[in-house]
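Asks: Please see the structure below; I have some questions.
What follows is calculated from the coordinates using simple rules that are stated; it is not laboratory data. Keep in mind that this is a model prediction, so the values were computed, not measured. Backbone-built Cβ (ideal geometry, glycine too); neighbour counts: all protein chains shown.
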Amino acid sequence: MANVAVIGAQWGDEGKGKVVDWLASRADIVVRFQGGHNAGHTLVVGGQTYKLSLLPSGLVRGKLGIIGNGVVIDPDALLAEIEKVRAQGLSVGPETLRIAENAPLILPLHGALDRAREGARGDRKIGTTGRGIGPAYEDKVARRAIRVCDLAEPETLSDKLDELLLHHNTLLRGLGAPTFEKRELLDKLLALAPKILPFAEPVWERLDSARKAGKRILFEGAQAVMLDVDHGTYPFVTSSNTVAATASAGSGMGISGVNFVLGIAKAYCTRVGSGPFPTELHDEVGLGLGDRGHEFGTVTGRRRRCGWFDATLVRQAVKVGGIQGLALTKLDVLDGMKEIKVGVGYRIHGETFRRLPAGLRAQAAAEPIFETLEGWSESTRGAKSWADLPAAAVKYVRRIEELIEAPVTLLSTSPERDDTILVRDPFED
Ligand code: IMP
């Protein structure tokens, strides 16, 4: 029996929803281990469309969902999402959802600071979701975060709010933004406590028992490796570690608890927000990919930047993310293209690189080196086996495998769940 972690291998929005849903249907428990309500997963199940940001996808399949300590939780967003999916007929209660007692909370002042700072950055803004993710993680590392367990201790809340407000109001004042009142925040948290605490527990214990009982656990990553705070295109990243190793620290399960890491990548590449994107297309071809791939953010609604598959970056994501097999999605978006390019390296100030260097200026100067492959005119949409694919499409996938140094273990050929070519079942050891 294997436990599986699923992570994005590009800059997010790789079409995780469908793959995670398929895996969740085969798992007993689904665990979120990093990020917050900046993520956006769309699941289409039984004719219903569920848009989840914070809740583990398995809930849609009636599986136990766990929000690990590595996640930053906005209690208002959580309760609103619970209400939304309940209205769609899902049952969400302490029997189906458990939340790590040591998970940090996102408060309204985090969102306010996130947005005020982005505003002050002007042209140099990161393009955050404005949901307070970065400031909440900063408070966690700075040891002043209010955590789920604090909701049970009014005195702790009061003390922590003093420290938080001293810090945040000073910053907000400096940025010319409205400040926050302690009484108002304290009342808010005390009112939230009875709604959140019934879900809270030491989830590491539950995960340990589940593992001993041979349950299948799916760790559901959010964002993607190139948005990882250490390994991504810093500072144009999110504020958590998105690599598979975080499944362990972000849930309290030892590192041996994850047996297979599935990376997800689109057959081309997109990015939302600012930051380097060497294979980005600024022409009709890029717009075409965006239109055919419906590339608009689930959370932000913004049009995503589009470009060719960057094998150099995905190879890097395979290495640092611990990816053992890749799920390649949206191959059908490339149907009908005469030729398809793949990024195989960069030229930076006259030098050739087979990785993206960490320096900001080097990243901005990276000119992609492309390899051109033959396209295909046939439709790959809905293909369920390799035999259904045109030879050029198979060649494209094989070339990607070579370049990224990892096998494509799953190929998704349409948003429908059954339109998938499975090479290796990630849950099989
Ligand atoms: P933050 O996570 O809101 O701090 O945003 C930091 C960067 O990560 C921005 O470029 C966002 O657009 C990006 N980002 C955050 N969450 C997602 C996601 O789920 N998909 C894609 N990009 C994301």
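Asks: Based on C-alpha coordinates, I'd like the Rg and Dmax of segment 347-429, in Å.
Replies: 17.1, 47
Asks: Now for a separate question. With +1 on each Lys and Arg Cβ and -1 on each Asp and Glu Cβ, and nothing else charged, work out how big the dipole of the chain is about its Cα centre, in Debye to the nearest 20.
Replies: Numbers: 54 positive and 54 negative charges, 36 e Å.
The calculated dipole for the chain is roughly 180 debye.
Asks: Regarding segment 250-389, what is the average projected area of its C-alpha convex hull, in nm²?
Replies: On the way: hull surface 43.8 nm².
Its average projected convex-hull area is 10.9 nm².
Asks: Given Cα positions, please report Rg to Rh for segment 141-182, the hydrodynamic radius being the Kirkwood one.
Replies: 1.03
Asks: Using label points projected 7 Å from each Cα along Cα→Cβ, tell me how many nm separate T352 and D291, to one decimal.
Replies: Each label point lies 7 Å from its Cα, and together they span 3.7 nm.
Asks: Using only the alpha carbons of segment 188-237, determine the length spanned along each of the three principal axes and report them from longest to shortest in whole angstroms.
Replies: Sorted largest first, the three principal extents are 41, 39, 13 Å.
Asks: Compute the acute angle (0 to 90°) between the alpha-carbon long axis of helix 182-196 and the principal axis of greatest extent of the alpha-carbon atoms of the chain; round to the nearest 10°.
Replies: Tilt of helix 182-196: around 70 degrees.
Asks: Using a 7 Å offset from the Cα along the Cα-to-Cβ direction at both V423 and D208, what is the distance between the two label points in nm, to one decimal?
Replies: Here the modelled spin labels are 3.8 nm apart.
Asks: Please express the shape of segment 108-196 as an equivalent ellipsoid: the semi-axes are the square roots of 5 times the eigenvalues of the C-alpha gyration tensor, given largest first in whole angstrom. Don't skip to the end; give the middle numbers.
Replies: Numbers: eigenvalues 122, 36, 26 Å².
One finds semi-axes of 25, 13, 11 Å for segment 108-196.
Asks: Please compute P(r) over all alpha-carbon pairs of segment 1-58, binned at 10 Å starting from zero, and give each bin as a whole-number percent.
Replies: Bin by bin from 0 Å, the calculated values are 21, 60, 19, 0.
Asks: Once you list every other residue whose beta carbon is under 15 Å from the beta carbon of W204, what net charge do they have if Lys and Arg are +1 and Asp and Glu are -1? Intermediate results must be reported in sequence, preceding the final value.
Replies: Working: positive: R32, R98, R147, R206, R211, K212, K215; negative: E101, E201, E205, D208.
In short, +3.
Asks: Using +1 at the C-beta of Lys and Arg and -1 at the C-beta of Asp and Glu, which of I106, L64, I82 has the Cα lying farthest in the positive direction of the dipole of the chain?
Replies: So the residue furthest toward the plus end is I106.
Asks: Something else about it: Segment 8-107: which GluC sites (Glu not before Pro) are DSSP loop and have at most 10 other beta-carbon atoms within 10 angstrom?
Replies: On the way: sites: E14, E81, E83, E95, E101; in loops: E14, E95, E101.
Those that pass, being in a loop and sparsely packed, are E95.
Asks: Between V44 and D388, what FRET efficiency follows from the Cβ-Cβ distance if R0 is 22 Å, with the result rounded to 0.05? Walk me through the numbers on the way to the answer.
Replies: Details: r = 22 Å, r/R0 = 1.00.
The pair V44/D388 has a calculated efficiency of 0.50.
Asks: Taking the Cα centre of segment 265-422 as origin, sum charge times position over the Cβ atoms of Lys and Arg (+1) and Asp and Glu (-1), and report the length of that vector in debye to the nearest 20. Could you put the intermediate results ahead of the total?
Replies: Numbers: 22 positive and 21 negative charges, 114 e Å.
Dipole of segment 265-422, to the nearest 20 debye: 540 debye.
Asks: Measure nothing fancy, just the Cα-based angle from helix 154-174's long axis to the longest principal axis of the chain, in degrees from 0 to 90, nearest 10.
Replies: The helix 154-174 is inclined about 60 degrees to the chain.
Asks: Given 0.36 nm per residue, what is the gain on full extension from E184 to E405 after removing their alpha carbon distance, in nm?
Replies: Extending this stretch completely gives an extra 74.2 nm.
Asks: Next up: Does anyone have the angle between helix 391-404 and the longest principal axis of the chain? Alpha-carbon axes, 0 to 90°, nearest 10?
Replies: 50 degrees
Asks: Can you give the extra length, in nm with one decimal, that the chain gains between R398 and T156 once fully stretched, where that is 0.36 nm per residue apart less the Cα-Cα distance? Working shown, then result.
Replies: Details: separation 242, 0.36 × 242 = 87.12 nm, distance 5.65 nm.
Separation in residues times 0.36 nm, less the Cα-Cα distance, equals 81.5 nm.
Asks: Long-range amide H contacts for G8: which residues qualify at under 5 Å (H placed 1.01 Å from N, peptide plane, sequence gap of 5 or more or a different chain)?
Replies: Close amide H contacts, sequence-distant or interchain: V225, I264.
Asks: I would also like to ask the following. Any chance you could tell me what percent of the C-alpha pair distances in the chain go past 30 Å? Don't skip to the answer; put the middle values down first.
Replies: Working: 38692 of 91806 pairs.
When every Cα pair of the chain is considered, 42 percent fall beyond 30 Å.
Asks: Moving on to the next point. Of K125/K195; K266/K395; K266/K338; K160/K215, which pairs sit farther than 28 Å apart, going by alpha carbon to alpha carbon?
Replies: Values: K125/K195 35 Å; K266/K395 16 Å; K266/K338 19 Å; K160/K215 38 Å.
Over 28 Å apart, Cα to Cα: K125/K195; K160/K215.
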